[in-house]
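Asks: The structure's right below; bear with me while I get my questions together.
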Amino acid sequence: MTTPPRYRFAPSPTGFFHVGGARTALYNWALTLREGGTFVLRIEDTDESRNEPQWTQGIIDALAWLGINNDHPQFEGPYFQSANAQAHIDAAMKLYAEGKAYFCDLTGEQVQERAKASGKPGYDGYSRDRGLEPGPGRVLRFRVPAGETVVHDLVRGEVKFDNATIEDFVLLRGNGTPMFLLANVVDDQIMNITHVVRAEEHLPNTPKQQMIWNALNVAPPTWAHVPVLVNEQRKKLSKRRDKVAVEQYREEGILPDAMVNYLMTLGWAPAGDTEIVPWQHIVDTFRLEDVNHSPAFFDIQKLQAFNGEYIRKMPLEVFIAECEPFLTGETMPWPAGNFKQDIFRGMAELVQTRVTALTEVPAMVDFFFLDEPAIDEASWAKATKDEWASAVLSETAAAYATTEWNHDSLKAVIEQVGEKHGLKLGKVQAPIRVAITGRTVGPPLFESLELLGRDTTLARLAAASQRLAK
Ligand code: GLU
């Protein structure tokens, strides 16, 4: 019987949780679920100058939002790298005792000076055979063996590295603290990790880490390096330039299911003619061997389109419930207490088909709940530029004072007004829409008027007539 695989996700808590990290975590998670394995979350918190506890919590929360948390028996952790500091040092000293690593007393500057003098970049192996003992300021370097290192990567195939191009790299700093390359390997060993699926930018580390695995006499894990995410200009996504924080997309009303589905399609595509597929289908069919080598474009518009699809797929009651925080929470654009659930319910189905994010919902229905919606000047100017606008407003108001109050008759009235002026419905309703809602776009007008009620409609039409008269 083969032992079940152990995947891991090992973020460094140095900032907002990046969409690239989320994609890597999801790849690991999908494989864990299908293969009946374990997903280990390890927080690599050893870079004390850059770590903050809130970033750790942010990662844990964002993973949970994506569905990765300890509600599932296959989730393990979080573990913290800092808890293993002694094990990292012990492993390093074992390599030293076996002659697989050696101490060096050159400072960083001295290493550079020597490289400059010889014309060969990097560390030249100066202390390889000097037999230095440990001591303050002395770094421990790995003795890179001659030959070649072949990394078997599930995404990239066989990747060969000539060891001559790899310097004797540092395992322990001069102050005795372990370097990432070592700590990361030792942790993976302690946690019995069988599969390392991570970002492509770590590929240059992999031959070094594979050498450490071998030197510690443990068989290396199966490697997979997934392609980087790039922006529209095909530049690597960066937190300075691009919108990369998972948290931000969550706040902007992207649904977790849409985010998960979209992230999984970056570098991979489900079989069939649609990329919008249930999570279980992804779990059943995702394979690292099918992941593309080339950088994947993180296309925000496509994410929004996915989100729109997911919104439209929601049962109406779920949609209404999901909108609630945006309509009654801190960010609501109308005075507290103005929101009316029954009006929103009446519009919900029409709104649901017209948004790509839940954050767009308040602006679609704000004219119901604002005491006086602001009139967008450009829309107003455009909708009232023709000389018939004033007559249309007053004739509509006169008819609306007595007509039956339902969307069919509200529409019939405007059609009649339009006919009188030789105008199509689309044209003649423009000043009415701006007068009532403040804008030229929005949910269907006559359904909106029906819910808004006669009094408010007439008041806003009268205000618009006055405005136009000025
Ligand atoms: N802590 C590393 C990072 O956040 C990950 C290392 C790994 O996945 O092996 O880039």
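The values are calculated or read from the model by the stated rules, or taken from the named source; none is laboratory data. Predicted, not measured: the structure shown is a model, and the values here were computed from it. Backbone-built Cβ (ideal geometry, glycine too); neighbour counts: all protein chains shown.
Asks: Mind telling me which of the residues 384, 331 ends up being surrounded by 19 or more Cβ atoms within 10 Å (Cβ to Cβ) and of a type in the set (Val, Ile, Thr)?
Replies: Details: 331 fails: surrounded by 19 or more Cβ atoms within 10 Å (Cβ to Cβ).
That would be 384, the only listed residue that is surrounded by 19 or more Cβ atoms within 10 Å (Cβ to Cβ) and of a type in the set (Val, Ile, Thr).
Asks: Just to be sure before I move on: is residue 95 over 15 Å from residue 198 (Cβ atoms), at pLDDT 95 or above, within 16 Å of the ligand (Cβ to nearest atom) and buried (at least 18 other Cβ atoms within 10 Å of the Cβ) in the structure I sent? Please lay out each step first, then the result.
Replies: Values: over 15 Å from residue 198 (Cβ atoms): yes; at pLDDT 95 or above: yes; within 16 Å of the ligand (Cβ to nearest atom): no; buried (at least 18 other Cβ atoms within 10 Å of the Cβ): yes.
So residue 95 does not fit the description; no.
Asks: Continuing with the same structure: Checking residue 171 against (1) touching a residue at least 60 places away in the same chain (Cβ under 8 Å); (2) within 18 Å of residue 24 (Cβ to Cβ); (3) of a type in the set (A, V, I, L, M, F, W, C): exactly one of these is not met. Which one?
Replies: (2)
Asks: For the subset of the range 10-32 comprising residues that are within 11 Å of the ligand (Cβ to nearest atom) and under 21 Å from residue 284 (Cβ atoms), which member is surrounded by the fewest Cβ atoms within 10 Å (Cβ to Cβ)?
Replies: Restricting to residues being within 11 Å of the ligand (Cβ to nearest atom) and under 21 Å from residue 284 (Cβ atoms), the top hit is 24.
Asks: Turning to a different aspect of this structure: All but one of (1) of a type in the set (A, V, I, L, M, F, W, C); (2) surrounded by 14 or more Cβ atoms within 10 Å (Cβ to Cβ); (3) part of a loop (DSSP other than H, G, I, E, B) hold for residue 441; which doesn't?
Replies: Only one criterion in (1) of a type in the set (A, V, I, L, M, F, W, C); (2) surrounded by 14 or more Cβ atoms within 10 Å (Cβ to Cβ); (3) part of a loop (DSSP other than H, G, I, E, B) is unmet by residue 441, namely (2).
Asks: Among (1) assigned to a loop (DSSP other than H, G, I, E, B); (2) on the phi < 0 side of the Ramachandran plot, which single condition is residue 114 missing?
Replies: All conditions are met except number (1).
Asks: Here's another thing I want to ask about it. Note down all Cβ pairs under 7 Å where the first residue falls in the range 119-136 and is assigned to a loop (DSSP other than H, G, I, E, B), the second is of a type in the set (Gly, Ala, Ser), and they're at least six residues apart or on different chains.
Replies: From the range 119-136, the pairs are 121/115; 122/115; 124/115; 124/118.
Asks: Regarding residue 305, is this residue part of a helix (DSSP H, G or I) and under 30 Å from residue 232 (Cβ atoms)?
Replies: Taking the combined requirement at face value, the residue satisfies it.
Asks: Okay, moving on. Can you list the helices (runs of 4 or more DSSP H) found entirely within the range 366-436 that contain at least 1 residues being over 41 Å from the mean Cα position of the chain (by Cα)?
Replies: 389-400, 407-421
Asks: If I filter the range 162-177 down to residues being polar (S, T, N, Q) and surrounded by 13 or more Cβ atoms within 10 Å (Cβ to Cβ), which single residue comes out as modelled with the highest pLDDT?
Replies: Filtering first and then ranking leaves 163.
Asks: Among (1) under 17 Å from residue 260 (Cα atoms); (2) away from the ligand (no atom under 14 Å from the Cβ), which single condition is residue 71 missing?
Replies: Going through (1) under 17 Å from residue 260 (Cα atoms); (2) away from the ligand (no atom under 14 Å from the Cβ) one by one, residue 71 breaks only (1).
Asks: Can you tell me how many residues within the range 317-361 are among the polar types (S, T, N, Q), more than 24 Å from the chain's Cα centre (by Cα) and assigned to a helix (DSSP H, G or I)? Walk me through how you get there before you give the answer.
Replies: Here is the first cut: in the range 317-361, the ones among the polar types (S, T, N, Q) are 328, 331, 338, 341, 352-353, 356, 359.
Add one more test, that the residue is more than 24 Å from the chain's Cα centre (by Cα), and what stays is 328, 338, 341.
Within this subset, residues satisfying the condition of being assigned to a helix (DSSP H, G or I) are 328, 341.
The qualifying residues number 2.
Asks: If you go through the range 223-236 one residue at a time, how many are crowded, with 16+ Cβ neighbours inside 10 Å and either of a type in the set (Asp, Glu) or within 14 Å of the ligand (Cβ to nearest atom) (or both)?
Replies: 6
Asks: Please enumerate the residues belonging to the range 48-86 that are in contact (Cβ under 8 Å) with a residue 40 or more places away in the chain and assigned to a loop (DSSP other than H, G, I, E, B).
Replies: Scanning the range 48-86 gives 66, 67, 68, 74.
Asks: Can you find, within the range 33-50, the residue that is surrounded by the most Cβ atoms within 10 Å (Cβ to Cβ) among those that are at pLDDT 95 or above and away from the ligand (no atom under 12 Å from the Cβ)?
Replies: Residue satisfying both the conditions and the ranking: 39.
Asks: Go through (1) out of contact with any Pro (no Cβ under 6 Å at 6 or more places or on another chain); (2) under 19 Å from residue 220 (Cα atoms); (3) outside any helix (DSSP H, G or I) for residue 182 and report which single condition fails.
Replies: Unmet for residue 182, out of (1) out of contact with any Pro (no Cβ under 6 Å at 6 or more places or on another chain); (2) under 19 Å from residue 220 (Cα atoms); (3) outside any helix (DSSP H, G or I): (3).
Asks: Does the range 68-82 contain any residue that is surrounded by 17 or more Cβ atoms within 10 Å (Cβ to Cβ) and modelled with pLDDT under 95?
Replies: no
Asks: Now for a separate question. Taking the range 187-221 on its own, how many of its residues are more than 10 Å from the ligand (Cβ to nearest atom) and touching a Leu at 6+ places or on another chain (Cβ under 8 Å)?
Replies: Of the residues in that region, 6 qualify.
Asks: While we're here: Considering (1) under 22 Å from residue 250 (Cβ atoms); (2) at pLDDT 95 or above; (3) away from the ligand (no atom under 15 Å from the Cβ), say which one residue 53 fails and leave the rest.
Replies: Against the list (1) under 22 Å from residue 250 (Cβ atoms); (2) at pLDDT 95 or above; (3) away from the ligand (no atom under 15 Å from the Cβ), residue 53 comes up short only on (2).
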